[in-house]
Structure formats: structure tokens, C-alpha cells
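Notes follow once the structure below has been shown.
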Amino acid sequence: MNITIPKEVNYILDTLFDAGFDAYVVGGCVRDSILGKEPDDWDITTNALPLEVKALFRRTVDTGLQHGTITVMKGNTGYEVTTYRTDGAYSDGRHPDKVTFVPSLEEDLKRRDFTINAMAYNDRAGLIDLFGGMQDLKDGIIRCVGNAEERFSEDALRMLRAVRFAAKLGYKLDSDVYDSIKKRASTLSVVSAERITTELIKLLTSDHPEMIKTAYETGLTAVFFPEFDKAMETEQNHPHHMYSVGDHIVESVKISRNDRIIRLTMLLHDIAKPETLTIDEAGVTHFHGHATLGAEMAEEILRRWKLDNDTIRRVCRLIRYHDLGKGIPCSPRVVRKGVRLMEEDFALLLEVERADILAQSNFKREEKLDMLAQYSAEYEIIVRENQCCNLKNLAVNGKDLMGMGINPGPGLGKILSALLDVVIDDPSMNDKEALLKIAGTMKDEI
Ligand code: ATP
Ligand code: MG
């Protein structure tokens, strides 16, 4: 087995060898190289102590000095060099009480989570695979290094990591892994939201985001996403649907383009359905107001997951309007209004609506897709002609209005918004002179 190591990484390995140390590339980069994928980053493990590593390189960052990690900078890229270590006892189920540097590679590989992540390589020794990682890569299996239950009791996050690696690689969970997660899923609650979110996002933006369902079946979503469990347990009896709310969500996530914002939106778009459920005399289920309430619930959930404000703003807006245009005949004006609401994300909204439709039943599907195609075509014209749909490309701005004696404040804002209404109705009105004239007539009414 030969792995092609980039020259910067080879330089780091050679520098360590020349100083008399052992060093290997390890973990994800070895796994990905064997699979023929370009690794995201290259991690190095060595018996050199952190201060010894620091002394050998010109530019370093103390990333986790206590944990043995020094980042060596080469150009703009950082490479993490970590001293062989074992993790002592885990009394809290999330981090070791103390880490100990050890002289042997084997000890270091033993502390790693899965067999496929516990291989090391250098050109001198070749592949070091002590736990059958290569075989598990061949068979497509996520297996723990050692006893699954024990490894999950050390660090509960590993349960979610198992599912996310299965999703990333399209692998199966080894039965010991699956059963142990089922047994211990509730202990994920001791892990911080930030660490859970990192894994959740990786799961969601993988090739198999539908594996969120495995996280549900094993009891993991109950800990960080109980709203999803409720959705899984809510049936839909309606001609437009053929799945439960939860299965429709899963299907829509799977169909959607692999983009973080889109996938988060699909995951949460119908999350308020269980809360808004009504059943009419004919036994048909309805979910009035689920998009609006969904946007509110999504905000709370995304905050709980510690996502950034920009992501929250965009995802919640997509959810609030995910039914935009439904049942409204397409017209240039309707689409311009949509663009006004969605700003930069109108194109994403069309993608969200498409995934939503494709995850529904066949009932009226062609009609629904046809409507969406009309919206898309109209949107293309708006973009091509650079039609104004937002205040930022309106031919007049606040300053212009102040220039004609309108005081800054809510009144001015109202006039700008009314002028935008005019332009949305008729794009040819986006002319400074014409708009200022209209503003003049509004001035006294405000
Ligand atoms: P990816 O490319 O998807 O990030 P990765 O394998 O690099 O995959 P990381 O989370 O970056 O995953 O972790 C790097 C390596 O550190 C893993 O391959 C594994 O050997 C080890 N590791 C990371 N987290 C844990 C953990 N919680 N328990 C045990 N070992 C871990
Ligand atoms: Mg990594």
C-alpha cells in the first residue's frame, strides 16, 4: 500500500526523522487516501514531545499544547503534529481527565475511535494497520477500536461520529456499534452542543444525509433534536403526501443539493407540522401555519445548536417562505415580490421548493414542477435584466429623499418602501427623476 504524501507533509516527516524521531501521517488522511479521495487535511503523529516539535520548525502555533498538538505552518496551510498519547480515564463521558504522552504508536492508535480512523503510514514503515481498518474499509463497516460500549462510555460523541462516518462513506454500522448506541444514546446529553453540531453538519452535508434516520432509530436525535422524533411519529393523510412528516423530511434532505444552508432548511422546513396538526371530518390531516411557526421553531433549534446568526437568518427565512407561490399563478410581479422577500436567497428557495415537491407523492407533481419552472424562468429574466426588487438597487436612496427635505426616520423608510412597491409593479419606473416626483407627492401624506 502506497500513499502519496504532499511535499510539505513529507518535509515535516523528514525533519522529524532527521532529528531522530518517529513520525507518521495518521487518521482521516490515511483513510481517505486509501479510498482514493483527496484528504481535507493531513495530521501527523510523532514520538517527539510538543516542545521538541516546536524547536524543529520556524513557524508553529500552540494549538493544544496540553494535548500534545502543535500546528506547523507551511505557506498558508497548517499541519497538526500531535505527540503519541493515551487518554486517561473519562469520568465525565466527554473528555479524558488527563492525557499522557507515550512512546508507542500502538498506544496512540488504540485511543482512536474507529478502525478505519486508526491507521498510520510513512514511506519507511508502510501502512500500520493494527485493528483491521483495511478490511473494514473493504467491507464498508464502521467498527470501534476495541469494545464499542466501553469506547462510547469514554466519549459519548463517538456514537454520533459513527453515524456521520457511515453517512459520509455509505457504510454500515457494525452490529456491536449499533447495539451499543441504542443502549447508551441518552448519554450523548453530556456532550456540548458545539461538538454535536460539528458532527450533525458533517452528517447532513455527506453523500448519505438520510442516515439521520439511523440517528433517530438508535435514539440519538432524541437527545439533541427531539422535534425530529415527533415528526417521525406524525403521519400525514393527504393526497399530496405519502410519508410521515419525518420520512418526508428525510426524503427531502436526501434529494436536495449538498449545500449546508439548503440541507439545514430541508431538515427543519416541516418541523412545526406536529404542532399545527388538525384532522378534518374526512380524516385528512392539515398543518395550517406550519411554515411561520416552523421558522420560529427553527430559530430556537439553530440557536440551541450554536449556529451563527447569518445561517440562522437565512435558514429561517427559507423555512418561513418555503410554500411561497404555492397556488398563486406565476407573473413577473409575483416573482419580483418573492425576490424582494428572499433577497440573495431566491434561487435557493426554488431549490428548496423543488426538493420539497420531489419528496411528496406523485399527486399533481407535474403541475407543481411546471409552476416551479415558470417561477425559475421569470427569475432568470429578472436577473438578466437586472430588474430592481430590493432597496439597494432602487434608483433613489435615503440621501436623495433627505435632499428634498424629508427628515430621516420611519416616514422616510415608508416612502422608500412605497417607491419600491411602485418599481416592483413596473420595473420601468426605476428612474430617479420619476421616483423623486412620486416621493414629492407622498411627502405630505407621511
Ligand atoms: P474528516 O475528514 O471527516 O474530518 P477525520 O478522520 O479527519 O475525518 P476528525 O474529526 O478530524 O476526523 O478527527 C481526526 C482523527 O482523530 C480521527 O481520524 C480519529 O483517529 C481521531 N479522533 C477524532 N475524534 C475522536 C474521538 N472523539 N474519539 C477518538 N478518536 C477521535
Ligand atoms: Mg479531519
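The values are calculated or read from the model by the stated rules, or taken from the named source; none is laboratory data. As the structure is a prediction and not an experimental result, all values here were calculated from the model. Every residue, glycine among them, receives a Cβ derived from its backbone with ideal geometry; neighbour counts consider all protein chains shown. Heavy atoms of the whole protein, side chains included, go into the accessibility calculation; ligands, DNA and RNA do not. Shrake-Rupley method; radii C 1.70, N 1.55, O 1.52, S 1.80 Å.
How many percent of Cα pairs in the range 374-446 exceed 19 Å?
Values: 881 of 2628 pairs.
Here the long-distance tail beyond 19 Å is 34 percent of all Cα pairs in the range 374-446.
Rounded to the nearest 0.05, what FRET efficiency do Asp308 and Glu106 have when you use their Cβ-Cβ distance and R0 = 41 Å?
Values: r = 40 Å, r/R0 = 0.98.
Step by step, r from the Cβ atoms, then E = 0.55.
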Candidates Gly219, Gly88, Gly20: whichever shows maximal mean-square fluctuation once the chain is modelled as a Gaussian network with Cα springs under 10 Å: Gly20
Theoretical gain in end-to-end length, Arg333 to Val61 [0.36 nm per residue, Cα-Cα removed]: 92.4 nm
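Considering all alpha-carbon pairs of the chain, what whole percent are spaced by more than 28 angstrom?
Every Cα pair in the chain considered, those over 28 Å come to 62 percent.
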Relative contact order, percent, the range 46-197 [alpha-carbon distance under 8 Å, six or more residues apart]: 17
Selected from Pro274, Pro103, Pro209 as most flexible by GNM, with the chain as the system and alpha-carbon contacts under 10 Å: Pro103
Percent carbon-and-sulfur accessible area, the chain, ignoring ligands, DNA and RNA, probe 1.4 Å: 49
Residues of the range 347-380 with amide N under 13 Å of the 7 Å Cα→Cβ point at Met242: 358-366
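For the range 230-387, what is the charge dipole size about the Cα centre, in debye to the nearest 20, if Lys and Arg each add +1 at the Cβ and Asp and Glu each add -1 at the Cβ? If you can, show how the numbers build up before the last one.
Details: 23 positive and 27 negative charges, 86 e Å.
That gives the range 230-387 a dipole magnitude of about 420 debye.
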Accessible area (Å², per residue) of the range 230-387, counting only protein heavy atoms and a probe of 1.4 Å: 47
Relative contact order of the range 102-171, pairs being alpha-carbon contacts under 8 Å that are 6 or more residues apart, as %: 28
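Taking square-rooted eigenvalues a ≥ b ≥ c of the alpha carbon gyration tensor, is the range 236-392 rounded, prolate or oblate, where a/c under 1.5 means rounded and, failing that, a/b exceeding b/c means prolate?
Values: a/c = 1.81, a/b = 1.23, b/c = 1.48.
It comes out oblate by the Cα gyration axes.
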Euclidean distance between Cα centres, the range 353-415 to the range 34-80, Å: 48
Accessible surface, per residue, of the range 99-162 when the full set of protein chains is kept, probe 1.4 Å, Å²: 38
Fluctuation leader among Gly246, Gly146, Gly413 - the chain, Gaussian network, Cα springs under 10 angstrom: Gly413
Phe114 long-range amide H proximity, modeled H, under 5 Å: Val145
For the range 288-293, 3J(HN,Hα) per residue [Karplus equation, 6.51 cos²θ - 1.76 cosθ + 1.60, θ = phi - 60°, Hz, x = Gly/Pro]: 4, x, 5, 6, 5, 5
The chain: relative contact order as a whole-number percent, Cα under 8 Å and 6+ apart: 8
5 angstrom amide H check on Lys74, placed H, neighbours 5+ away: Tyr79
Dipole of the range 58-192 [Lys/Arg +1, Asp/Glu -1 at C-beta], most positive-end residue of Ile116, Thr60, Leu157: Thr60
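Can you compute the helix-only [θ] at 222 nm over the chain? Use -39500 (n - 2.57) per DSSP H run of at least 4 residues, normalise by all residues, nearest 500 deg cm²/dmol. Spell out each step's value before the answer.
Details: 23 runs with 226 residues, N = 446.
Value at 222 nm, helices only, nearest 500: -15000 deg cm²/dmol.
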Charge dipole (debye, nearest 20) of the range 140-224; +1 at Cβ of Lys and Arg, -1 at Cβ of Asp and Glu: 100
Hits among lysines - C-alpha to C-alpha of Lys392 under 24 Å, sequence gap 8 or more where chains match: Lys337, Lys414, Lys432, Lys437, Lys443
³J(HN,Hα), Karplus 6.51/-1.76/1.60, whole Hz, each residue of the range 267-276, x for Gly, Pro: 4, 10, 4, 10, 5, 8, 4, x, 6, 10
Efficiency of FRET from Cβ geometry, Asp259 and Asp92, R₀ 51 Å, rounded to 0.05: 0.90
3J(HN,Hα) from dihedral phi, the range 140-154, Karplus parametrisation 6.51/-1.76/1.60, rounded to Hz, x for glycine, proline: x, 10, 8, 10, 6, 6, x, 6, 4, 4, 5, 5, 6, 6, 5
Candidate lysines - alpha carbon under 19 Å from Lys138, same-chain residues fewer than 8 apart omitted: Lys37, Lys168, Lys172
Asp425-Thr278 FRET efficiency (beta carbon distance; Förster radius 56 Å; 0.05 resolution): 0.95
